[in-house]
Amino acid sequence: MTGTQDRPLRADAARNRARLLDAATEVFTTRGVGVPTEEIARAAGVGVGTLFRHFPTKEALLEAVMVRRLEAIAAGAARVAAESAPAEALSACFRLIAEQSAGKNAFAQALTAAGVDVHTSLRAPSTAIRELLADLLRRAQLAGTARPELTLPELLALLVGTTTALDQLGPDPAARKHVLTVLLDGLRPH
């Protein structure tokens with residue numbers, strides 16, 4: 001980190017950074033990661049110099065968007081888990097994570113192509129999600145609502161596969177709901 005990043009941001013700088021992340025999330029998600037940084041600055045209502053003061057490269061911006069998205073997913077999944085009955089918590093969190101992860105693969109591929117170590121960058125929020133799913137899987141198995149032989153690595157593989165399938169389906173809500181329903185039915189014991 002540079003010296004400017006070690007200090008807390010001034011209120012206006014923090015607002016600009018948040019606007020840049022909001023705009024980048026929207027633009028990258030709807031138009032793809034190939035959008036020029038100038039368009040993101042324009043969408044955020046700031047100059048390109050402001051964008052580069054906060055994110056010196058497009059890859060740094062992509063990385064910050066991914067970290068922010070995963071942190072939001074982790075927080076949302078934790079909230080859903082806390083509000084759901086143990087029998088439904090695993091399914092509810094799986095559904096939320098799968099739905100919220102739309103486009104994540106494109107972000108990860110762009111970062112990897114730029115030489116960014118995605119696993120290191122996303123370790124903290126990914127670990128939080130993994131730990132939550134491990135706990136929910138264990139609780140669902142104890143409640144008899146998840147297959148007893150299902151392991152965490154298998155559940156994570158199914159989640160990754162599901163997010164890829166949802167990306168392939170596009171925005172069709174009925175098809176997305178059907179895929180999730182079929183998959184979640186498969187997690188239950190028969």
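The values are calculated or read from the model by the stated rules, or taken from the named source; none is laboratory data. Note that the coordinates shown come from a computational prediction; the quantities given were computed from them, not determined experimentally. The accessibility values were calculated without ligands, DNA or RNA, using every heavy atom of the protein model including side chains. Shrake-Rupley method; radii C 1.70, N 1.55, O 1.52, S 1.80 Å.
Points to keep in mind about this one:
- Extension gain, residue 12 back to residue 87 (0.36 nm per residue minus Cα-Cα distance, nm): 22.5 nm
- Remark: the residue 182-residue 151 segment gains 9.3 nm on full extension, using 0.36 nm per residue and subtracting the alpha carbon distance.
- Rg ratio (alpha-carbon, reference 2.2 N^0.38 Å) - the chain: 1.14
- Tilt relative to the chain, helix 86-100 - C-alpha long axis, 0 to 90 degrees, to 10: 40 degrees
- Degrees, to the nearest 10: 104-113 long Cα axis against longest axis of the chain: 50 degrees
- In terms of its Cα atoms, segment 1-102 spans 50, 32, 21 Å along the principal axes, sorted from long to short.
- Rg over Rh for segment 71-184 works out to 0.97, using Cα positions for both radii and the Kirkwood form for Rh.
- Extension gain for residue 60 to residue 48 (0.36 nm times residue separation, less C-alpha to C-alpha distance): 2.9 nm.
- Per residue solvent-accessible surface (Å²) - the chain, probe of 1.4 Å: 54 Å²
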